[in-house]
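Asks: Sharing a structure below in structure tokens format, with a few things to ask.
The values are calculated or read from the model by the stated rules, or taken from the named source; none is laboratory data. If you're wondering where the values come from, they're calculated on a predicted model, not measured in any experiment. Note: ideal-geometry Cβ built from the backbone for every residue, glycine included; neighbour counts use all protein chains shown. For the accessible areas, the whole protein counts, side chains as well, though only heavy atoms, and no ligand, DNA or RNA atoms are used. Shrake-Rupley method; radii C 1.70, N 1.55, O 1.52, S 1.80 Å.
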Amino acid sequence: MTTHFHTCTLCEATCGIAVTVDGGRVLDIRGDEDDPFSRGYICPKATALADLQHDPDRLRRPLRRAGDTWHEVAWDEAFDLVGSRLREVRGRYGADAVAVYQGNPSAHNLGLLTYGQVLFRGLGTRNLFSATSVDQLPQMLASFLMLGNQVLLPVPDIDRTDLFVCLGANPAVSNGSIMTAPNVRARLKAIRARGGQVVVIDPRRTETAALADRHLFVRPGTDALLLLSIVNVLFAEDLIRLGRLARYVSGVDGLRSAAENFGPDVTFAATGVEPDDVRWLARSLADTPRAVLYGRVGTCTQEFGGLAAWLVLAINVLTGHLDEPGGPMFTTPAVDAVPLVAATRFRGSLGRWHSRVRGLPEFGGELPAAVLAEEIDTPGAGQIRALITSAGNPVLSTPNGARLERALPGLDFMVSIDPYLNETSRFADVILPPTVHLERSHYELALANYSVRNVAKYSPPVFEREPDQRHDWEICVELATRLLGRGSGVLAGALGRRLPPESLLDLWLRAGPYGLRRGLGGLSLSRLKKQPHGVDLGALEPRLPGRLGLRHRRIDLAPRTYLDDLPRLRGRLGASVAGLVLIGRRQLRSNNSWMHNSERLVKGKQRCTLLMHPDDAASRGLTDGDVASLSSAAGTIEVPVELTDAIMPGVVSLPHGWGHGRPGTRLGVAANHPGASINDVTDEHFVDALTGTAAFSGVPVRVDALVVNTTHLS
Ligand SMILES: Nc1nc2c(c(=O)[nH]1)N[C@H]1C(S)=C(S)[C@@H](COP(=O)(O)OP(=O)(O)OC[C@H]3O[C@@H](n4cnc5c(=O)[nH]c(N)nc54)[C@H](O)[C@@H]3O)O[C@H]1N2
Ligand SMILES: Nc1nc2c(c(=O)[nH]1)N[C@H]1C(S)=C(S)[C@@H](COP(=O)(O)OP(=O)(O)OC[C@H]3O[C@@H](n4cnc5c(=O)[nH]c(N)nc54)[C@H](O)[C@@H]3O)O[C@H]1N2
Ligand code: SF4
Ligand SMILES: [Mo]
């Protein structure tokens, strides 16, 4: 029996785990008490890593399709097949004919963040897609346009703040996002224990609201209006306090005039937030020395997500909180992404090209996932003919996944790099299954940049992989050598052989802020290996103006891109909202679309329910537990209704990532707890027109009692 220390990477909290192993099986997974950051905390999902490890449904060798059946093939055969078919498509139709979708787990995967990018970016396709455009894109755009670097994202200094205003996030359940903070519930409680306040602004009185001093309902999709009113009050009441960074701030007057006609009395009808509450919010943010306005996925994935993300950052600047203790701060990570991308195109870009069918803009080299289906199913020059999915399940995760599902069989070729035969990968011609968490080493390359303390941790694999298993990065290197032509393909191959991701990590650690430059005791991979619980590198420190970079030595409060989008927002003021709108929610025992094959996570009562206010239910003849039809412009699904007054009247909420009842998958447990996919109802045409980000919040829907009333639920 041995105990290994590793990291749970199912969500962004990245808790340290202690994994006890006996005879090749996980006996037990606990929180690692000696991890200086997570201190023994884990949520119920961590133990499900054992189910992932031992899941009989998990693929370990490549699968090749023959009609409706699959057979295992050797790796070389699979690589050669994928290589030749993709080369064929590229040869005939050009580089853009091969699309890529990179999903959420890529963010935690050292191999995908290194050699994955060599392959996917190296393909040179304009049809690059990822979870970014169904998630944090607006926040990255704000950092790019206002601070000059899309990866320079501020993190709430939650451990020192005295006012945490939480907009469109539910960290008590999501465990924090762009705020890596193990045991965020304890950190939220500590704010109140030290006399501070937590305020939640959300169309649902959430689990986070239950820990807060105040909760305010806001109508879905109207955050930008609410925020503009806060800006309006800050100027009207002379509450602007630029503080230390004043001389770097530009665009103050532009922002003042932008907010001029959006006073709290004007926006009230649309947002539902009382003018007095808006004034109270503005004054509290201005008058609390250590305060932060934190906006997350609910503010991004909506019709005005771009504007909302701009205004969140702008308000933090106007009130003098940016880069101050207790405010939104910047990390000093051991491997620092900011200088790594500062000189490159990864610094940020918007609209360098547009999607072929609908003309939505490129961002950071990618197109919005909302156009993926139409780019496949709309004939003509430039049509997508082949698709690579890597660590993504876009059939369940992207708006109108049902259309994508209908489009995928029309591809000439599809390959999925994924450990499961799931809702998306079942359409592939070849599935290349990588090793999973406990079979590989881990360093949190990306998310350590967004952590509430500076931390670094390296974990070796818990299990030795079987000889015929491949890591993600090895799969990517093999494909790169077959696809990227002589120059970069050979280079990728040579690099991969000589410099596995760990070696790159070592170089970056040594060159980083705690590396050898800081003297002989600096961080390196071998040093980290001697600290299996990780190292704490201290609290966040003020980093501006240094981090603004030489090309952008200012904080721009009024970028043209946003000012030009304001007329669209003004149009929203008068728009009447009749009927119901749909929002999403996350659940503690659920992790996006892919952990429902763990019995311990799905057991118990059905969780894929539609939350509805009792008044809305009564007027439709619905009672608790009834199955109703939920329909939108995009489609219709059937869902059980759960009544609660914790949701705003006129709003209904369904979690995402369900809908496992599809034929042809190999997910034995999930198939018994299928639920319905919210993304069969979300609408690929309902996006933030500025950024192309999917608008999952505020989708107009109808809910009707089913004629045949199935009152009993399994
Ligand atoms: N309606 C609605 N839709 C949403 C959201 C919402 O709030 N509402 N949220 C959006 C957000 S924020 C996100 S991030 C996306 C997430 O959606 P996706 O990007 O699709 O990611 P997941 O659903 O997590 O699916 C992960 C896939 O990767 C596979 N996988 C797991 N680990 C690995 C690995 O190490 N390597 C490889 N190669 N594969 C692996 C899994 O089997 C699974 O197929 O969903 C979005 N969709
Ligand atoms: N347990 C669990 N944890 C997760 C995940 C998971 O699937 N399960 N997914 C991970 C991922 S990929 C991500 S990106 C993070 C996301 O982490 P969070 O950003 O915390 O996301 P959610 O928990 O979805 O919270 C979004 C909140 O926005 C609210 N909301 C919806 N529409 C609006 C609106 O228009 N305005 C406002 N103000 N609020 C609105 C919703 O009611 C919800 O409470 O969570 C991560 N952690
Ligand atoms: S909060 Fe839960 S899922 Fe997230 S990293 Fe920690 S243990 Fe894993
Ligand atoms: Mo996400």
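Asks: Suppose each label sits 7 Å from its Cα in the direction of the beta carbon; what would the ASP68-THR644 distance come out to in nanometres?
Replies: So the two model labels end up 4.0 nm from each other.
Asks: Over the chain, how many percent of alpha carbon pairs lie in each 20 Å bin up to the one with the longest distance?
Replies: With 20 Å bins starting at 0, P(r) equals 18, 54, 27, 1.
Asks: Which three lengths, in whole Å and largest first, does the range 254-360 cover when its Cα atoms are put on their principal axes?
Replies: So the three principal-axis extents are 45, 43, 26 Å.
Asks: Now for a separate question. Of GLU474, GLU642, GLU374, GLU599, which has the most accessible area and how do the rest follow, probe 1.4 Å?
Replies: If we order GLU474, GLU642, GLU374, GLU599 from most to least accessible, we get GLU599, GLU642, GLU474, GLU374.
Asks: Can you figure out the FRET efficiency of THR2 with SER503, using R₀ = 41 Å and their beta-carbon distance, to the nearest 0.05?
Replies: So, using R0 = 41 Å, E works out to roughly 0.95.
Asks: Hey, another quick one. With respect to the cross-link table entries LYS189/LYS605; LYS189/LYS530; LYS45/LYS605; LYS45/LYS529, which display a Cα-Cα separation exceeding 22 Å?
Replies: The pairs that break the limit, which is 22 Å between Cα atoms, are LYS189/LYS605; LYS189/LYS530; LYS45/LYS529.
Asks: Normalized C-alpha radius of gyration of the range 582-664, against 2.2 N^0.38 Å?
Replies: With N residues counted in the range 582-664, Rg over 2.2 N^0.38 Å equals 1.14.
Asks: Want the number for ALA575 to SER629: 0.36 nm per residue separation, take away the alpha-carbon distance, what's left?
Replies: Result: 16.9 nm gained on full extension.
Asks: A further question on this structure: Computed FRET efficiency, Cβ-Cβ of SER84 and ARG39, R0 51 Å: what is it to the nearest 0.05?
Replies: That pair, SER84 with ARG39, gives E of 0.50.
Asks: Could you sort GLU375, GLU464 by their accessible area in this structure, using a 1.4 Å probe and putting the largest first?
Replies: So, going from the largest accessible area down, we get GLU464, GLU375.
Asks: Let me ask you something else. Which order do you get for TYR41, TYR101 if you rank them by accessible area with a 1.4 Å probe, largest at the top?
Replies: Descending accessible area places them as TYR41, TYR101.
Asks: Could I ask something else about it? For the range 515-639, what relative contact order do you get, as a whole percent, if you take Cα pairs closer than 8 Å and at least 6 residues apart?
Replies: Result for the range 515-639 is 8 percent.
Asks: Which value in nm describes the separation of the simple spin-label points at GLN117 and TYR248, placed 7 Å from the Cα toward the beta carbon?
Replies: Label-label distance for GLN117 and TYR248, simple model: 2.3 nm.
Asks: Got a number for the accessible area of HIS4? Probe 1.4 Å, square angstrom, nearest 10.
Replies: Only protein atoms counted, so the area is about 50 Å².
Asks: What number, in percent, do you get for the relative contact order of the chain if the mean sequence gap of Cα pairs under 8 Å and at least 6 apart is divided by its residue count?
Replies: 19 percent
Asks: May I ask you to compute the full-extension gain from ALA618 to ALA186, defined as 0.36 nm times their residue separation minus their alpha-carbon distance, rounded to one decimal in nm?
Replies: Extending this stretch completely gives an extra 151.7 nm.
Asks: Report the gain in length on full extension from ARG61 to GLN531: 0.36 nm times residue separation, minus Cα-Cα distance, nm rounded to one decimal.
Replies: Value of the extension gain: 165.8 nm.
Asks: Tally the DSSP beta bridges in the chain and give the antiparallel ones as a percent, rounded to 5.
Replies: Taking every DSSP beta bridge with both residues in the chain, the antiparallel ones total about 50 percent.
Asks: All other residues with a Cβ under 11 Å from the Cβ of LEU167 taken together, and with Lys, Arg as +1 and Asp, Glu as -1, what is their net charge?
Replies: Computed value for this residue: -1.
Asks: Could you check the simple spin-label distance between ARG92 and SER257, using points 7 Å along Cα→Cβ, in nm with one decimal?
Replies: Computed distance between label sites ARG92 and SER257 equals 5.6 nm.
Asks: To continue, here is another question. Let me check against my output: what whole-number percent is the relative contact order of the range 618-714, with C-alpha pairs under 8 Å and at least 6 apart?
Replies: 39 percent
Asks: Let me ask something additional. Based on the Cα atoms of the range 12-138, what semi-axes does the equivalent ellipsoid have, where each is the square root of 5 times one gyration tensor eigenvalue, given in whole Å with the largest first?
Replies: So the three semi-axes of the range 12-138 are 35, 22, 12 Å.
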